[in-house]
Amino acid sequence: MHRRFIQQKRFQSSSTKNLIPIRTSLKGAALLQQPVLNKGSAFSREEREVFQVDGHIPYDVHSLEKQMVRAYAQFKRQPSNILKHAFLASLRDQNQVLFYALVSNRLKEMLPVLYTPTVGEAVSQYSDLFRRPIGCFLSLPTAHSMKEQLQSHANAAFRYKYPPGMKNHFLDQDRPFDIVVVTDSEGILGIGDQGVGGISISTSKAALYVAGAGVDPNRILSVVLDVGTDNHALFANPLYMGYKHVRTRGVAYDHFVHQFMMNIKELFPGALVHFEDFGLNNAARLLETYKPVLPCFNDDIEGTGAVALAATMSAIGVTKSNLADQRIVVFGAGTAGMGIANQIRDAMVEIDGLTLEEANSKFWCIDKDGLLLKSNPKLQGSQHDYARDDEEVRDWNREIQEQPNLRLLDVVKAVKPTMLVGCSTNARAFNEEVIRTMAEHVERPIIFPMSNPTSLVEVDPADANEWTDGRALIATGSPFPPAKNPITGKDYFIAEANNALIYPGLGLGTIASRSSKMSKGMILAGVRALASVSPALEDPDAPLLPDLAGVRKVSLQVAAAVVKQAMEEGVANINIKKDDDAIIEHIKVGMWDPVYRPLEYEPEDSNGYSSK
Ligand SMILES: O=C([O-])CC(=O)C(=O)O
Ligand SMILES: [Mg+2]
């Protein structure tokens with residue numbers, strides 16, 4: 001009784017949770033082939049004996065640290081980033097702990113390989129580089145068995161089996177997955193329709209939930225909805241592995257997505273659905289449709305909007321102004337551009353007390369046809385909120401007189417923006433004239449060229465820095481090296497305002513609170529938590545956001561703010577004290593760490609690891 005009591009206590013403490021043994025009946029080769037339990041050369045002498053590992057691996061016992069040294073050396077020997085990416089994927093397949101330990105330890109170096117920008121290459125070359133499938137492939141022609149396919153993933157998912165009397169109070173043990181990351185591949189990064197290769201964006205985003213926020217990798221399902229593709233290059237490739245059919249749209253598409261969402265709701269009740277890289281016509285529409293139905297989140301709308309808002313709050317801390325004082329030009333009025341505008345607009349209402357109309361009037365949004373005007377018959381969704389009165393622009397100068405549409409430079413000249421956001425995938429659109437014109441009118445121009453991957457960025461931060469004599473406050477969507485301040489010669493570190501800085505924490509907070517939704521309030525709480533750890537708060541020349549390499553620390557703060565807000569809104573489903581320390585400890589207990597836990601043999605276990 002006493003022992004059991006101690007064990008229960010132990011599990012509930014974040015400092016000792018990793019000492020709890022995991023039980024399994026797997027032995028020998030079967031154990032080495034289970035990436036969740038495999039320790040390779042790190043199996044102890046005792047474990048080698050008990051689990052009949054002796055004979056399957058060389059004699060010497062190595063620590064996780066030593067294994068990391070070897071794996072890192074192998075990583076370094078890969079001649080290109082895409083091959084490094086492939087190396088990491090196979091490491092993940094062999095030894096889950098070693099993979100996440102290596103990535104977490106060298107996040108700064110690994111992120112651009114595992115994630116943006118290299119993940120763009122991995123997605124577009126998926127069928128050529130394919131080795132073995134990771135994730136869940138739901139294809140339109142096999143929709144009749146979608147539920148069984150999902151159930152089969154649930155059955156195959158690893159479940160920790162703990163000694164009797166122990167339970168992980170953080171997790172819903174009856175639910176196979178806490179987070180489902182799903183893409184339909186129509187709008188991958190800025191590179192568009194990528195068919196079945198989109199699975200790699202789902203698996204990369206999932207890996208960041210783990211490395212960036214300590215979500216248990218075995219409780220995330222990565223999914224691609226393969227409804228065909230309109231990408232001609234993929235059709236031309238004889239090795240293409242997806243459904244070779246033009247992209248399905250309209251009712252058949254909606255029906256397929258609906259079937260998916262209803263299956264998730266039924267099979268994994270309460271799990272968070274993370275939408276990634278859906279196309280322009282579907283992203284906002286699906287989010288709106290399913291927000292009231294189950295916890296869901298669109299990373300490109302809400303995640304990108306949230307991180308951009310955090311960077312904006314940090315920038316106005318430097319310029320000592322308010323959100324409501326900004327004049328914001330958004331170049332690229334698609335999923336991300338409208339997501340950012342909405343997030344900043346809502347914060348102007350919430351924080352500065354503007355009316356919705358007043359807040360809308362602070363934005364000038366530009367898409368392929370120029371400045372969005374009310375008379376434009378092609379306006380969609382949120383674009384209606386920001387379209388300007390035709391009257392306002394009647395007397396504006398146009399750079400190209402014969403062209404009726406107002407272009408970026410025309411708008412910058414007329415509006416004199418304090419802030420310029422790029423989500424256009426229009427490489428180098430913020431040219432020297434645009435930037436210099438903007439910088440004539442503001443002391444510290446706020447410039448966010450957010451398009452991904454790197455090759456599509458609207459302006460190289462080094463150029464923006466130079467053309468503004470080092471006055472620009474810059475944040476980008478992809479990683480960039482520091483820029484030299486042309487006046488002081490000091491390095492200016494460019495904030496990477498990638499949604500990866502915030503979505504892991506938002507997701508962690510949502511599942512840790514067992515919340516029935518991810519509300520606007522929860523997202524704003526996460527944004528404020530992120531903005532509150534901005535290095536620029538202390539030093540106006542420091543980056544606007546913390547380094548993405550420190551995301552794990554950030555995620556804990558973001559998640560804690562989200563949990564607290566969920567409790568305040570009454571949508572949380574947990575029974576803990578609403579005090580900061582209790583919330584942090586609650587989250588930490590549930591976080592998964594990349595360390596080897598002791599193994600214990602369990603003879604009667606039927607499939608080797610099921611907790612059922
Ligand atoms: O994946 C990234 O780096 C950010 C993102 O969501 C996108 O660009 O679609
Ligand atoms: Mg995305």
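Selection over the range 80-116 of residues that are outside any helix (DSSP H, G or I) and surrounded by fewer than 20 Cβ atoms within 10 Å (Cβ to Cβ) gives a count of 2. Screening 270, 190, 197, 279 for residues that are of a type in the set (Gly, Ala, Ser), on the phi > 0 side of the Ramachandran plot and touching a residue at least 12 places away in the same chain (Cβ under 8 Å) leaves exactly one candidate, 270.
For residue 418, state whether it is over 27 Å from residue 192 (Cβ atoms), at pLDDT 95 or above and hydroxyl-bearing (Ser, Thr, Tyr). Taking the combined requirement at face value, the residue satisfies it. Candidates in the range 443-464 are the residues that are aliphatic (A, V, I, L, M) and without any contact (Cβ under 8 Å) to a residue 40 or more places away in the chain; of these, the one that is farthest from ligand 2 (Cβ to nearest atom) is 462.
Please identify the pairs in which a residue from the range 490-506 that is touching a residue at least 24 places away in the same chain (Cβ under 8 Å) and assigned to a helix (DSSP H, G or I) has its Cβ atom under 7 Å from the Cβ atom of a residue that is of a type in the set (Asp, Glu) and within 9 Å of ligand 1 (Cβ to nearest atom), counting only partners at least 6 apart or on another chain. Short answer, once both residue conditions are applied: 499/299; 503/299.
Rundown of residues vs (1) modelled with pLDDT of 95 or more; (2) within 16 Å of ligand 2 (Cβ to nearest atom), yes/no style:
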{"residue": "209", "(1), (2)": "yes, yes"}
{"residue": "230", "(1), (2)": "yes, no"}
{"residue": "241", "(1), (2)": "yes, no"}
{"residue": "270", "(1), (2)": "no, no"}
{"residue": "283", "(1), (2)": "yes, yes"}
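The residue that is nearest to residue 523 (Cα to Cα), among those in the range 317-340 that are in contact (Cβ under 8 Å) with a residue 60 or more places away in the chain and assigned to a helix (DSSP H, G or I), is 340. Just one of the listed residues (337, 270) is out of contact with any Gly (no Cβ under 8 Å at 6 or more places or on another chain) and within 16 Å of ligand 1 (Cβ to nearest atom), and it is 337.
Just need a number here: residues in the range 27-38 that are closer than 10 Å to residue 52 by Cβ and either surrounded by fewer than 20 Cβ atoms within 10 Å (Cβ to Cβ) or over 33 Å from the mean Cα position of the chain (by Cα) (or both). Counting residues in the range 27-38 that are closer than 10 Å to residue 52 by Cβ and either surrounded by fewer than 20 Cβ atoms within 10 Å (Cβ to Cβ) or over 33 Å from the mean Cα position of the chain (by Cα) (or both) gives 4.
The values are calculated or read from the model by the stated rules, or taken from the named source; none is laboratory data. Computed from a prediction, not measured in an experiment: that's the story for all the values here. Counting neighbours? That spans all protein chains shown, and the Cβs are built from the backbone with ideal geometry, glycine included.
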